[in-house]
Each structure stands twice: as C-alpha cells, then as structure tokens.
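I have placed the structure first, in the form of structure tokens, so that the comments after it can refer back to it.
The values are calculated or read from the model by the stated rules, or taken from the named source; none is laboratory data. Keep in mind that what you see is a predicted model, and the values were worked out from it rather than measured. Note that each Cβ is placed from the backbone with ideal geometry, even for glycine, and that neighbours are counted across all protein chains shown. These area figures cover heavy atoms from the full protein model, side chains too; ligands, DNA and RNA do not enter into them. Shrake-Rupley method; radii C 1.70, N 1.55, O 1.52, S 1.80 Å.
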Amino acid sequence: MIRLLLLFLLSLSLAAVGHPSYQREEIPLPEGEVMEIGSIAIMPDQKVAVATRRGDVWICEGAYGDDLSQVTWSKFATGLHEPFGMDFLDDSLYVTQRPELTRLRDMDKDGVADLYETVTQDWGISGDYHEYAFGSLPDGEGNRWVLLCLTGSSGARTDFRGWCMRVTPDGETIPTAYGIRSPGGIGFNQAGDAFYTDNQGLWNGSSSLKWLKPGSFQGNPAGNKFFKKQSAIQGKPVAPNDESRVITELDRIPHYVPPAVVIPHGKVGRSPSAVLADQSEGKFGPFNGQILLGEQTASEVQRVFLEKVNGVYQGAVFKFLKGFRAGIVPMKQGDDGTLFVGGTNRGWASSGGKRFTFERVRWNGKKSFEFHEMKITRDGFDLTFTDKLDKSIAEDPASYKMAAWTYILRSGYGSPEVDEAIPVVTEAKLSPDGKSVSLKVKGRVKGHVHHLNAKLLKSESGATLIHKDAYYTINEFPEQ
Amino acid sequence: MISPTKGLILSVLLAASTVLFADHSLYMQSCGACHGADGKGVEGQFPPLAESEWVEGAPDRLIQIVLKGITGPIQVKGKAYNLAMPPQGMSMKDQQIAKVLSYVRANFGNKETAITTEMVAHARTQTKKRKKPWSAEELTALYPLPGREPMLQNLVSKVYYGKWKSLPDLDKLEPDAVEEEHNGIMSVHRTAKKDHFAMRFSGDFVVKTEGTYRFTLDADDSADLFIAGERIIHLPGKGPMNGSRVIKKEVALKPGRLAFQLDYWEYAGQEGLSVRVEGPGVPKDTFLTPQTKSKKKGRTWESIPIEAKDGKVALYRNFIAGTSARAIGVGYPEGVNLAFSADDFSVGIIWRGKFMDAGRHWTDRGQGFQAPAGKDVALLGQGPAYALLDSPKEKWPKAFQPELEARFLGYRLLDGTGRPEFHYKVSGIRISDTITPQSDAILRLIQPRSEFDSGQSLHMRIAHGAPVKKVAEGTYELGETLTIKVEGAVTTVLPRALIITLTHASPVGITYSWK
C-alpha cells in the first residue's frame, strides 16, 4: 500500500514537469507588455525573436542562458497585423502577417526595424478575423509557404482562402495546394516535405497532420472555386461526396492526399498548431527527425513518427509533453536543441490558464521508457522503444491491445469514430538488441487509425511506458 | 473463500464501477480537457460545470450547447467568460451525449435528472437546420435558465392575413397560422407576409409579487394590450415606432397567472412591437418582445487606446472602418491621423484628435472594423487610386486594372519621427508616397522614382465620394469639411471625384486641410 502511494506521489511530481527527461522553464517576458506570442524566430548569436498577436516584434537575449532572470528584451518592430510565422535570414526578419509576407530590416543599425518591405500580398482578406495567414520557414529553394485559413473557418470570401501559396524570395506567389480548412501551423520534415496541422471541423472528422504535396487537395472543397484563377496546378478540382470516407474519395479525386497522421479528437488533441521537426541530432533526446506538434487547447506537445509507404506519408502520434502555461501556437528549436514554445489563450481558451506564455524545454539526458517509433510492416507493425524491454512481457501477444476506426468525411462539423474494428496481435517477437518488437497483427484496416495500448509492457528495469498509447494511421500497406 | 453472496456483491460493485469509470473516461475525453476532471473549469478560460446554472433544470439547454456549440460572452455562476465551445453534435452520437451529460448532471455537486438518448435525438430534430453555434442570449431566449422562466407562459401566437384599415376584431377571424412561443417572447417578424396582417398573442402573465407594474408599449402600426380581460393599453392608427407614440400604463396586480392578450395590426412598410415590463422583482430591462440589437449590443471589450508617444508615430495595421481590410493606421504626434490602404495605394480616411482604440481587435478574437477614436473624420473614398484611362472622365475601375501590375512594396520609417513613407509600383513606375503631418492638415508628396515613357500618363484619384468644388486655381473643397490643394499636376474636377494626371517623374504635392 505504501509502495503504491509512493508510486502515485512519484507519478504526480512527474506530471508536474511533464516528462522525466525534459525540463520546462518559463522565460520572463517584458514587464507590463501583453505578449500573446504567435511567432518565434531563431536568430544568430543566441537571440530569439517573437512576434505578438498585437503586432509587435521583440528580440530576446539570454533565452538560452542558465539564469533566466538575466533575460533582456528589446522591441524591434510594431504595428503588424496578427503575425503567425517568422524566420531570420541574412539581415532580415521575414514575418507572415494577415495581409502580407513582410521583410523587416534595420537599415540604420539602431536595433529597430525601419524598412517594412512587402514581399507579397497576393491573397485576399475581407475583414473577417478567421482569415489568418500562417507562414513557414524558407524551404530548400528559399520559398516560404503561406497557409490561408478559410473565411470564418468555413467559407472562401476572398481570393485563395483555403489554399497554400509558395512565395519565392522575389515575391512570386505560387498556388501550391488547396482544400485547407483551419490551419494551426506549418513545418518541414527532414526530407524537406511540408506538413501542416488542420483542425477538426467542416470536412475534417478529426484534426490531423497533413502533407502539403505540391498540387494536392487536402479535403475541404470551399476554396476549389479559385482553381480557375491559377495555372500552377493542372487538372480539375473534384469536390468530395458528403457523408463519405477519405479512403473512398481518394479514388475519385486525383489530387487528394490523405491526412498523414490523424490526431484522434479528444483522445490525443483538439487544436493542433505548430509543426516542427526535431533536427537536433540527439541534443533534444532520442527523437531526432520526428515531428513535434503544438496543441493549443490542452497546452501540450505531441510527437509524430512519419514514414513514406508507396509514396504516401503515414505514421503514428504519441503524447509527449504537457503542463505548458497557455495554449501553444508557435514552436522553434535552437541550435543547441532547446525547444522554444509560445502561447496565447485569447479567443481560444486553453488548460494552461495564463493569457500568454514563452517557455523553453531542454532534454536533461535522463533515460526514460517511451515508444520510439511505430512502423508498418507487411503483416503488422514494428515497434521500437527508448529502452530494453522485459522479454517475457514483450513477447506475449496479450500485452498489446488494439482498436481501429475512421471518421466520416462530411460537410458537417467533425465526426464520431466510426467503422470500428478490433485488430488482434497474434505474435510478438523481440529483436536481438531488446529494444524492438515485431508484431504480427490480424485485421488491420486501410484508412483507419490504429490505436495500440501497451500499458502492460515493462522495460528491463521494470518501468512502464510514460505514454502507453500510439495511434497509427494506415493510408497504405507496404507492397507484398 | 468468497461466499456466493459476497461474490455477487463484488461482481455487482465491479460492474457498477466499470460503468462509472467508463462514463468518467468519456467525460474526460469529451469535456474534461477544458472543464477539468473535477468539473470546475479554469477561471477566466473555461466555465465550471460544477453546480452551474447552465447544467440545471430542463435538459434541452445543455443538450443544445453540446450539439451546436456556444460562442461569445457568457455569465456562469456570476463570472464572465468569453470563448467558443465547438459543436460536438457531428462528432458524438446521441447515446454518448446522453451518457456524458447524465454523468455531468449527477456529479460535481450537480443533482439533476439523467438525460436519455431519446431526449438528445429529439433535441437534434428541433434544431436540425441550425448551422451556427449558439450565443448565450439566443440560447436562453429559447431555453431560459432556471429561475428565469419567462413572465409570459403558455404563449400562443396567431397570424391573420388580410387588408384592413385598422386593427380588426380578431374574435371574428380565423387565423392563418398558430404557433406556440415557448420563450414567452412576442415577435411580429416571423410572419410569411410582411404587410397587411394582424396577430394575437395570448397566454399567462405570471405575477409573483403583489404591486404596481408598468407596461411600456410601442408599435408599428396598432396594438391593444389586455390583462385579466381588461384592455389597459390602446394604441390605434398607423405610425412609426420612433418613440413618438409610446404608451405607458401602470396597473396594480396580485400574484397569480393572469390572462394576457395582445392584438397587433400591421398595415404596410416597417413593422414592429415593443413591450417592456417594470415591477417588483422584475429584472431590469425585461421585455416581452425581441429586443432590437442596437439596444442591447454594447461594447464587450475594454478600451485599449493607442496614441503616438515620445514624438514618434503610432502604427496600427488592422481593420479600420472607412477603408479596405489592408489598412495601415498612422497616428502622428501632431494630432492628425490617417489610414493608408495597401489595397488601394490611397489615403482612405483622415481624422484629428485621438488615434485608435484597439479594444475591439485585441480582445477575444477581434472581429470587425474599428472606427477611428478621434474626430473630424473625413472619408477620401475606397477603390484603386491609380488607373490607365484615355480620359480622367471615363468610368473609374473598381479594382486595379491588371495591366497596371500594381504592387505594394511596403514602407520605410523615417529617421527620428518614425513617419512611414509608402512605396508602390504602378504601370512600371515606382512611386514613393510621403506624408507629413501638420496640426490641421496632412501633406502628401507623390514622387515617381522612374521616368515616364513619352506620352505615358497615369491617372490618380486623390479623393471621391463627396461633392467636389473648385474654389481657386489648384484649390478644391471636398464635401463640407475638407480643402484639398494640388501642386504640380493637371487636375480634373468631377462632381464627386478629384483626379490628377501624372506624366513626368516630378513630384506632386497634395494638401488635405480641415476647414
């Protein structure tokens, strides 16, 4: 009993910091300022810039330091219109704000921007607050990708609402993908492919991480009417049938790319935001190359393993970090692996009850027992872990519980979980290094989310998994 | 050894706890993330479900919130919240909604009856066509909070169509439509025809406390109000509802359910009915009719003034009323202000005094256009500032002509003052547009930065939308308030527009001054 109590207390203190291998700290903000952070940019010399929803850009020094009380702030720019996306290149900060992509320059080197150059404003805005623009870092060719949220998150009142535009360094604005509803962030994986989060709602049964393959349709037909105003994407838009399934419509709609990883609504998240590939090569722990996702409502960070099967991305989402102080919107990673997280609750409340926050997360090097990857195989899944497994439990098929379902693709708001199936693990084989298990699974379903609960698993030293659930979306089976 | 009885009890207990745990986990999945594992919510963020008046009483209100979502300001347990709960009707089945709401109504200190799957299914059919989330106001109008039952109960409306010259005797007519009005609100706006009709509202007027009650009635056109069979207000004739015909009447009433009847007649044109009740224990601003939006729709945000400081301009990019969505507001320390439209390349609006109140845009989600905070607001018109035309008298285009290849290039903040100098390119010519404020005027310098081709001309509309009058060479009046001076360009005066023609890369000065 006492041992149980101790374990319980221990788990409580772990919950307070979110994860035993990570340390979360709040970075002090300039006093008296409303710092509803919508964008973060990593700058040289260990500086970090943030842009607020009120339209100010601030530069922070000391955000990497051991003593965060020494942090200093200076205001760099002002009067921008709700920016969501910022990066630093050469001598400039590039900011995606609601009406345009702007290059901010400090020509007289006094530490304050004096040139606000419009790189592009080739999209429509009507005065509706929901017509947000989310911008990416530059891609391999120097292009920034801009996501244009639907009017009121449902219609397309002005040009190219529901589209992703690629903006070249000289301002050419190329329609790149369509079918977007309400994005929360955009980023690139290590291969350089662009991904964004789209929130549950019209034509989104659940929120998901989607692959912005150039020329692709993402599922919401509201912006299809702009197809005739562009020539970058060939072919014809096809609206999905209402009350259908993604897997059914894929056959009808040539441009349709299915959500890479569904983030089951309620079970994993509600409002996914930032998309950030961990490229720290181990400085942020064992998940290099994986995607970190912000989650606004629950003030959490999730983790995604992606793989490409038959040319289509798919993979698994795991819970990861929690306890942030406001709803997470932007995330960026510093060169030393530090994860910077910004948050705002205005208009959309979150569990972290503060109005806004700026935080950093660093890996403390401590070992912990987590899922590492979940890969699909011809006859099941290969699981890898961050620690060696207890062999007898790992090789018992009864240690794994599975369920699978999908969502209705429809014009209405969201969908219940439907077409439930129960896949069964028939065989589990531990690898020679003791850190991977090959599962044979009967009853997997194409187009379904596959929930794997592994709460019974133990590491060699007797620990249970910090996060016991994985959710794998199967778009494709590996070819036989 | 476990005795058979004990075993049975144990298994029943186990079964019960499984059910409980299942309900709790459904709650955590559907509600708990925001409203908390203990149903207490997060102060200022997510309202509590624990002992909340919104959970109490008849189930429909609660079911509707889950089905359609709710958005905007809401008072819960005396505290203000302002947020959006997304609709769950499409993502949850009737049975799940019934289960989770029954759980909420039986936990966290709530002691309400369970909600059945059938109740949810019925509620769903009631609002099948509704696509938008509820506002607290709309929802409580239909499903009042406990203790706030309408004063008019069992209300029935009848509609009669026909051409009469005054309020007809409705006892002698057969109604064309009959409806129950559960919200106790008399609306004359839901009829199929908008002219030539009459209505009768009848129901119970519930008096809880003895005392004097005052009824205030206005109508377009006629109305008669009866309490307990007695006509207490008679408003005959045809007339506007502008306050000139209001009738107030005080009556002493005893507790009970009194027969209530209101007869209404609409001839043609506008229609309207307003009945207000004051009396002991009656909440302030109690109306028996829908309230017009303008009356109730106060500001829901705190003022956040933005002004120029320390001799430097204030910049505010947002939706500013009077110009396009891509407005760049500039507040000068000299006490004049403007909004430059990056859509139109024009100064769309100028004003004096205070600059802007950001409260609307910096509170909650920030919907809508905000009017300037100051005074002497002058609109200079919307639409593209530049056009290629054979003559300035030709019809001005509604959007930039594609051949102009108009491109906004941004702005430079000038040393010391931070005044923006706007840059754009039209018809291959790069133009800088510099603005200098004075205490009662705004000076604008249009400077083409590249040479024109021979014969090339570019028309620029510098103001429109109000009568323009030439008062002297190069001096014009726009409407009642502004004088505009032009130097360095040929000017064309149209009845409601002022157009200049650029033919060389030489600067043009424009001065907008208040009279």
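Does at least one position in the stretch B:457-468 carry a residue that is over 24 Å from residue B:395 (Cα atoms) and in contact (Cβ under 8 Å) with a residue 12 or more places away in the chain? Walk me through it before giving the result.
Step one: list which residues in the stretch B:457-468 are over 24 Å from residue B:395 (Cα atoms), which gives none.
No.
Being polar (S, T, N, Q) and open to solvent by 10 Å² or more (accessible area, probe 1.4 Å), is that true of even one residue in the stretch A:78-99?
Yes.
Do we find a residue being within 13 Å of chain B (Cβ to nearest Cβ) and basic (Lys, Arg) anywhere in the stretch A:344-351?
Taking the stretch A:344-351 first, the residues within 13 Å of chain B (Cβ to nearest Cβ) are A:344-351.
Then keep just the ones that are basic (Lys, Arg); that gives A:346.
The answer is yes; a qualifying residue exists.
Within the stretch A:388-399, identify whether any single residue is touching a helix residue (DSSP H, G or I) at 6+ places or on another chain (Cβ under 9 Å) and of a type in the set (Val, Ile, Thr), and answer yes or no.
So far as the stretch A:388-399 goes, yes, one or more of its residues are touching a helix residue (DSSP H, G or I) at 6+ places or on another chain (Cβ under 9 Å) and of a type in the set (Val, Ile, Thr).
State the number of residues belonging to the stretch A:100-126 that are crowded, with 19+ Cβ neighbours inside 10 Å, facing another protein chain (nearest Cβ under 8 Å) and in a loop (DSSP other than H, G, I, E, B).
Total satisfying the criteria: 4.
Please find, within the stretch B:343-360, the residue that is most open to solvent (accessible area, probe 1.4 Å) out of those that are more than 8 Å from chain A (Cβ to nearest Cβ) and within 14 Å of residue B:305 (Cα to Cα).
B:354
One residue is enough: does the stretch A:352-372 have a residue meeting the conditions in a strand (DSSP E or B) and closer than 26 Å to residue A:446 by Cα?
yes
For every residue, the table says whether it meets (1) open to solvent by 20 Å² or more (accessible area, probe 1.4 Å); (2) among the hydrophobic types (A, V, I, L, M, F, W, C); (3) modelled with pLDDT of 95 or more.
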| position | (1), (2), (3) |
| --- | --- |
| B:263 | no, no, yes |
| B:269 | yes, no, no |
| B:292 | yes, no, no |
| B:305 | yes, no, yes |
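Would you please name the residue that is most open to solvent (accessible area, probe 1.4 Å), looking only at residues in the stretch B:362-384 that are of a type in the set (A, V, I, L, M, F, W, C) and part of a loop (DSSP other than H, G, I, E, B)?
B:369
What residue, of A:410, A:378, is surrounded by fewer than 17 Cβ atoms within 10 Å (Cβ to Cβ) and of a type outside the set (Asp, Glu)?
Values: A:410 fails: surrounded by fewer than 17 Cβ atoms within 10 Å (Cβ to Cβ).
After ruling out the rest, the residue left standing is A:378.
Considering only the stretch B:493-507, I want to know if a residue exists there that is assigned by TED's automatic domain parsing to the domain that holds residue B:382, β-branched (Val, Ile, Thr), buried (at least 19 other Cβ atoms within 10 Å of the Cβ) and in contact with a Leu (Cβ under 8 Å, 6 or more places away or on another chain). Show your work before the answer.
Applying the first criterion (assigned by TED's automatic domain parsing to the domain that holds residue B:382) to the stretch B:493-507 yields B:493-507.
From what's left, β-branched (Val, Ile, Thr): B:493, B:499-501, B:503.
Filter once more, so that each one left must be buried (at least 19 other Cβ atoms within 10 Å of the Cβ): B:499-500.
Still in the running and in contact with a Leu (Cβ under 8 Å, 6 or more places away or on another chain): none.
Checking the stretch B:493-507: not a single residue is assigned by TED's automatic domain parsing to the domain that holds residue B:382, β-branched (Val, Ile, Thr), buried (at least 19 other Cβ atoms within 10 Å of the Cβ) and in contact with a Leu (Cβ under 8 Å, 6 or more places away or on another chain).
Which one of these is assigned to a loop (DSSP other than H, G, I, E, B) and crowded, with 21+ Cβ neighbours inside 10 Å: A:161, A:166?
Answer to the selection: A:161.
Identify all residues within the stretch A:127-157 that are polar (S, T, N, Q) and away from every other protein chain (no Cβ under 13 Å); write none if there are none.
Start the filter on the stretch A:127-157 by keeping residues that are polar (S, T, N, Q), which leaves A:136, A:143, A:151, A:153-154.
Those that are polar (S, T, N, Q) and away from every other protein chain (no Cβ under 13 Å): A:136, A:143.
Against the condition touching a residue at least 24 places away in the same chain (Cβ under 8 Å) and touching a strand residue (DSSP E or B) at 6+ places or on another chain (Cβ under 7 Å), how does residue B:178 come out, does it pass?
So residue B:178 fails the test.
Would you call residue B:340 in contact (Cβ under 8 Å) with a residue 12 or more places away in the chain and either touching a Cys at 6+ places or on another chain (Cβ under 7 Å) or away from chain A (no Cβ under 11 Å) (or both)?
Yes; evaluated as a whole, the condition is true for this residue.
Looking only at helices (runs of 4 or more DSSP H) that fall completely inside the stretch B:45-134, which ones have 3 or more residues that are under 26 Å from the mean Cα position of the chain (by Cα) and more than 10 Å from chain A (Cβ to nearest Cβ)?
In the stretch B:45-134, B:60-68 are the helices (runs of 4 or more DSSP H) which contain 3 or more residues that are under 26 Å from the mean Cα position of the chain (by Cα) and more than 10 Å from chain A (Cβ to nearest Cβ).
Could you run through the stretch B:385-395 and say how many residues are more than 22 Å from residue A:119 (Cβ to Cβ), open to solvent by less than 30 Å² (accessible area, probe 1.4 Å) and assigned to a loop (DSSP other than H, G, I, E, B)? Talk me through it step by step, then tell me what you get.
Filtering the stretch B:385-395 down to residues more than 22 Å from residue A:119 (Cβ to Cβ) leaves B:387-395.
Applying the additional criterion that residues be open to solvent by less than 30 Å² (accessible area, probe 1.4 Å) yields B:387, B:389, B:392.
With the extra rule that they be assigned to a loop (DSSP other than H, G, I, E, B), the set shrinks to B:389, B:392.
Count: 2.
Tell me, which residue of the stretch A:38-59 that is within 14 Å of chain B (Cβ to nearest Cβ) and open to solvent by less than 10 Å² (accessible area, probe 1.4 Å) is nearest to the chain's Cα centre (by Cα)?
So, considering only residues that are within 14 Å of chain B (Cβ to nearest Cβ) and open to solvent by less than 10 Å² (accessible area, probe 1.4 Å), the one nearest to the chain's Cα centre (by Cα) is A:38.
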